[in-house]
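The values are calculated or read from the model by the stated rules, or taken from the named source; none is laboratory data. Remember, predicted model here, so these are calculated numbers, not experimental data. Cβ coordinates were reconstructed from backbone atoms using ideal geometry, including for glycine residues, and neighbour counts include every protein chain displayed. The accessibility values were calculated without ligands, DNA or RNA, using every heavy atom of the protein model including side chains. Shrake-Rupley method; radii C 1.70, N 1.55, O 1.52, S 1.80 Å.
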Amino acid sequence: MSQIRVRFAPSPTGSLHIGGARTALFNWLFARSHGGVMVLRLEDTDTERFIAEAAEQIGRTLAWLGLEWDEGPDKGGPYGPYRQSERVEIYRAAAQQLVDKGLAYPCYCTKEELAAMREEARRKGQAPRYDGRCCRLSEEERQAKEAAGIKPTLRLKVPQEGQVVVRDLIRGEVSFDNATLDDFIIMKSNGMPTYNFACVVDDAAMRITHVIRAEEHLSNTPKQILIYEALGYELPYFAHVPMILAPDRSKLSKRHGATAVEEFSEQGYLPEAIVNYLALLGWSPGDDREKMTLDEIVRDFSLEAVNKSAAIYDVRKLTWLNAQYLNELPLDTIVARAVPFFKAKGLISKDPSGKDLEYLTTVIDAVRSRVHTLAELAEAATYFFKDDFTYDEKGVRKHFAKKPGEVVEILSRGRDALARVESFTVEETEKAYRKVIDEMGIKGAALIHPTRLALSGRTMGPGLFDIIAVLGKDECIKRLDRAINYIRTLQGQD
């Protein structure tokens, strides 16, 4: 076999969603695991739905995921251009070949005539299909239609007997009776190609060896095979990957939460986690592994291991994976990716200094093991940057308000102990607190829980002594004084 060449050919009508990203990933993995070429082609001939920003966004998202292509609109290549809108003359020339061979013909039927055909078929209990009437027009009738200014579509002549057999690398052989197909349109009346026609002409011209795409395109494949055969092109291998369904096995939609990759990025999900998760939507390495590096996925990926049954979308699993990567990727990587989220919350300046970034790194190191996303990371770290927080209401009732006099005494003893610590490290501050606990004969929770609430306003978070060490002595003393004064107001209300 010649070098493997695959393509991802999105229609730029909106954001790149999970399904499209999974298709792009499977193509990329197949190409990389076989030393092949990945082509990015933009199918932008639908002028009514085309969105220029969407075309740019698709490229940005693929690059963010690390799915770099080898040929495409921005990179060029030997078989460009890679935008269908720039290839219209190529489609028209291919269509004319079919007309010249007698394999395609102009159709002058109006929308009203086509609607009447469909209605007649429904009335007879038949599947709606074109009856081929324009194929039987005489030359004089055609000339009369042309003279009347009717702009025709072009239809491919479809055999009415036999079958089209799709040999799918995932699903095996799938047969379609020709009798269920009609003479379908390959060129619209505005001179633009239909999806099926442009797709075939491009895949052949770009030497695509494997067409890996979503299951919903399987029904297009018999029409495309007929076009391949009519044009005398060699068939590629086809592989239709399973659908992605919602947890209730319905069609995935916005009501099930975020479905666009860009939304996940904005929520603080990491590209490594998304790629890992997408790989497992319909494919398995053959064992129980769930967290895998990209190199491992490339090494183990095969179309033979792709499932036929639908994959179930589970954002909880993605979130779990994201937490694993958030905790295990190099700290400087997480810091760099977290900076925009901390800026958005006003926790750091637009142009943070080296000292600011050093402090941010310390904070992230303390917090990241307890959150799931970068957005959660910034939210969970807010109190490290702002001291005007309010205390958690349930925490106040449980740790401040029950016996305020005792809590004031306990916090005051802890405050004084911290003030005497010279080396303000996790080890030394914990040692000082343990001494207070022993001297007062109290349980550790009696000092630790109110101190956490005093320093952070929260009842959960990193280890208390990690918080203390990050905040530093002066800030801890200030916040403890603030909490003690607050509790005294509660004591007065008691």
Inset, instruction - Specify the residue that is least open to solvent (accessible area, probe 1.4 Å); the eligible residues are those in segment 398-431 that are free of Cβ contacts under 8 Å to residues at least 12 places away in the same chain and outside any helix (DSSP H, G or I). - result: SER423
Legend entry - Residue among LEU453, LEU464 that is modelled with pLDDT of 95 or more, touching a His at 6+ places or on another chain (Cβ under 6 Å), surrounded by 14 or more Cβ atoms within 10 Å (Cβ to Cβ) and among the hydrophobic types (A, V, I, L, M, F, W, C): LEU453
Inset, instruction - Kindly state which helices (runs of 4 or more DSSP H) lie completely within segment 272-366 and contain at least 1 residues that are closer than 30 Å to PHE389 by Cα and in contact with a Lys or Arg (Cβ under 9 Å, 6 or more places away or on another chain). - result: 315-328, 331-344
Inset, instruction - For segment 123-140, enumerate the residues that are farther than 30 Å from ASP202 by Cβ and surrounded by 12 or more Cβ atoms within 10 Å (Cβ to Cβ). - result: ASP131, ARG133, LEU137
Inset, instruction - Please work out which residue is surrounded by the fewest Cβ atoms within 10 Å (Cβ to Cβ), limiting yourself to segment 36-50 and to residues that are within 20 Å of the chain's Cα centre (by Cα) and assigned to a loop (DSSP other than H, G, I, E, B). - result: GLU43
Inset, instruction - Residues being within 21 Å of SER302 (Cβ to Cβ) and open to solvent by less than 10 Å² (accessible area, probe 1.4 Å): count how many of those fall in segment 1-35. - result: 9
Inset, instruction - Go through segment 229-253 and give me each residue that's more than 30 Å from ALA94 (Cβ to Cβ) and touching a residue at least 60 places away in the same chain (Cβ under 8 Å). - result: PRO242, MET243, ILE244, LEU245, ALA246, PRO247, ARG249, LEU252
Inset, instruction - State all residues of segment 81-122 that are open to solvent by 20 Å² or more (accessible area, probe 1.4 Å) and outside any helix (DSSP H, G or I); if no residue qualifies, say none. - result: PRO81, ARG83, LYS101, GLY102, LEU103, PRO106, CYS109, THR110
Legend entry - Residue identified as touching a helix residue (DSSP H, G or I) at 6+ places or on another chain (Cβ under 6 Å) and either over 21 Å from ALA230 (Cβ atoms) or among the charged types (D, E, K, R) (or both) among PRO159, PRO128: PRO128
Legend entry - helices (runs of 4 or more DSSP H) wholly inside segment 436-494 containing at least 2 residues that are under 45 Å from the mean Cα position of the chain (by Cα) and over 18 Å from VAL363 (Cβ atoms): 444-456, 473-493
Inset, instruction - Within segment 367-378, track down each residue that is in a helix (DSSP H, G or I) and either open to solvent by 50 Å² or more (accessible area, probe 1.4 Å) or not basic (Lys, Arg) (or both). - result: VAL367, SER369, ARG370, LEU374, ALA375, GLU376, LEU377, ALA378
Inset, instruction - For segment 337-366, enumerate the residues that are open to solvent by 70 Å² or more (accessible area, probe 1.4 Å) and over 23 Å from ILE468 (Cα atoms). - result: ARG337, PRO340, LYS343, ALA344, LYS350, ASP351
Legend entry - Options SER284, SER265, SER219: the member that is in contact with a Pro (Cβ under 9 Å, 6 or more places away or on another chain) and of a type in the set (S, T, N, Q): SER265
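Give the residues of segment 379-389 that are part of a helix (DSSP H, G or I), free of Cβ contacts under 8 Å to residues at least 60 places away in the same chain and closer than 20 Å to GLY472 by Cα, sorted by residue number.
Within segment 379-389, just THR382 meets the criteria.
Looking at this structure, is SER2 under 19 Å from the mean Cα position of the chain (by Cα), among the polar types (S, T, N, Q) and modelled with pLDDT under 95?
Spelling it out, it is not the case that SER2 is under 19 Å from the mean Cα position of the chain (by Cα), among the polar types (S, T, N, Q) and modelled with pLDDT under 95.
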